Amino acid sequence: MDNVPYAVQTTFPLLFMLVPALGALLSCRHRSPGRPAAEIWQRWWAVGALGVGSLWITLSFLAAPKGMADAIGFARSPFQFEIAFANLGLAVLGFRGASASPRERLTSGLAAAAFLWGAAIGHVYQWFANGDHAAGNTGGILANDVLVPAVMIALAVRDVRRAGSGRSHAVRPAA
């Protein structure tokens, strides 16, 4: 990763928020009457920002652990394997969001927040305590760690409230 410019490394993770946002905008322009825009945004965000973004991190940690360690500013560690599979769990939750109910997407957002906000706190701590300004510690990844679950939770809460008032798709009880 040494030959990839710092600006590219630090901004690349932002694509995992930008692409779903553009997809949702375009999909909302062509949505059928009665289909809530918030639902479209939730599905795009869950699959694109959480699902694809987390799968990318999973594959990166498994396929290029040294490059990922360098990008974060850490020494290589067996802990990276665990980070890969924690992200795989988030990817599964994100992909499930394509057909999940609003309450399920809220739960996925909360689960993502538990891991990603903890990671964000770690990034900020390393930044200030140890001067770690590596591309994988600050910048785009830090923004992703904070914003992906926050947006997911906000959209899901809105849809759950709408469902509670009877203006959204009915939530089917579990069998």
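Key figures for this structure:
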read-out	value
Solvent-accessible area per residue for region 10-142 (1.4 angstrom probe, square angstrom)	50 Å²
Expected-Rg normalisation [2.2 N^0.38 Å, Cα atoms] applied to the chain	1.10
Inter-label distance for LEU15 and PHE81, nm, one decimal - labels placed 7 Å from Cα along Cα-to-Cβ	2.9 nm
Centre separation in Å (Cα based) which lies between region 48-67 and region 97-167	16 Å
Ratio Rg/Rh, restricted to region 35-112 and using Cα atoms, in which Rh is the Kirkwood radius	1.10
Axial C-alpha extent at least 24 Å, average Kyte-Doolittle at least 1.0 - helices from the chain (DSSP)	79-96, 140-164
Net length gained if the chain between LEU59 and VAL157 were fully extended (0.36 nm per residue, minus Cα distance)	32.2 nm
Nearest-20 debye value, the chain charge dipole, Cβ charges on Lys, Arg, Asp, Glu	980 debye
Share of carbon and sulfur in the accessible heavy-atom surface of the chain [1.4 Å probe, %]	69 percent
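The values are calculated or read from the model by the stated rules, or taken from the named source; none is laboratory data. Fair warning: this is a prediction, and the values are worked out from it, not measured in the lab. Cβ sites come from the backbone with ideal geometry, for glycine too, and all protein chains shown count toward neighbours. Ligands, DNA and RNA are stripped out before the accessible areas are found, and what is left, the full protein with its side chains, is counted by its heavy atoms. Shrake-Rupley method; radii C 1.70, N 1.55, O 1.52, S 1.80 Å.
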